[in-house]
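> The structure's right below; bear with me while I get my questions together.
The values are calculated or read from the model by the stated rules, or taken from the named source; none is laboratory data. Keep in mind it's a predicted model, so treat the numbers as computed, not measured. Cβ atoms come from the backbone with ideal geometry, glycine included; neighbour counts cover every protein chain shown.
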Amino acid sequence: MKRNATALLVSGALMFGAATAQAALPDEATLYKNPQCGCCDEYARHLEALGVDVTIIDDVELGDIKQQAGVPYGMGSCHTIEIGNYWIEGHVPMEAVEALFEQQPDVDGIGLAGMPIGTPGMPGPQSEPYNVYLFSDQDAQPFMTL
């Protein structure tokens, strides 16, 4: 009996540790975009499905926002999101966004250059790997390939 109680306590502690190791997404985000871009609105809906309240701002100079965020030149996309202490550039798959908040690296954010088919907000099937990058101060490093 004592052995079963010990096993139960250890199992409970492991489950508690696993549950607390994952960092939840922030409750709010701000998505900066061009007013004519509908795929950005679709991306916002994906975040909202994860419980994030998204404010969309479409009357700013996106170049200035990208500069402020530290997005590397030539690796931008159609929208930039400020969420928690990070920036998300473009149509980054939700798996990578969740990994960012689980790992909490010391970076400005993550991004996915261009507007790849099959990513959240972009219709169609995935046709090539998505190379998500980390960035800080306009410098990019690989983060994950999905």
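> Return yes when His91 is without any contact (Cβ under 8 Å) to a residue 60 or more places away in the chain, under 20 Å from Cys37 (Cα atoms), of a type outside the set (Val, Ile, Thr) and touching a Lys or Arg at 6+ places or on another chain (Cβ under 8 Å) and no when it is not.
no
> Looking at segment 18-31, I want the residues that are at pLDDT 50 or above and of a type in the set (Gly, Ala, Ser) and have a partner that is part of a loop (DSSP other than H, G, I, E, B) and surrounded by 10 or more Cβ atoms within 10 Å (Cβ to Cβ) with Cβ atoms under 7 Å, at least 6 apart or on another chain. Which pairs are those?
Listed pairs, sorted by first residue: Ala23/Gln104; Ala29/Val52.
> Something else about it: Mind checking whether some residue in segment 106-114 is within 20 Å of Tyr73 (Cα to Cα), touching a His at 6+ places or on another chain (Cβ under 9 Å) and surrounded by fewer than 20 Cβ atoms within 10 Å (Cβ to Cβ)?
Yes, the conditions are met somewhere in segment 106-114.
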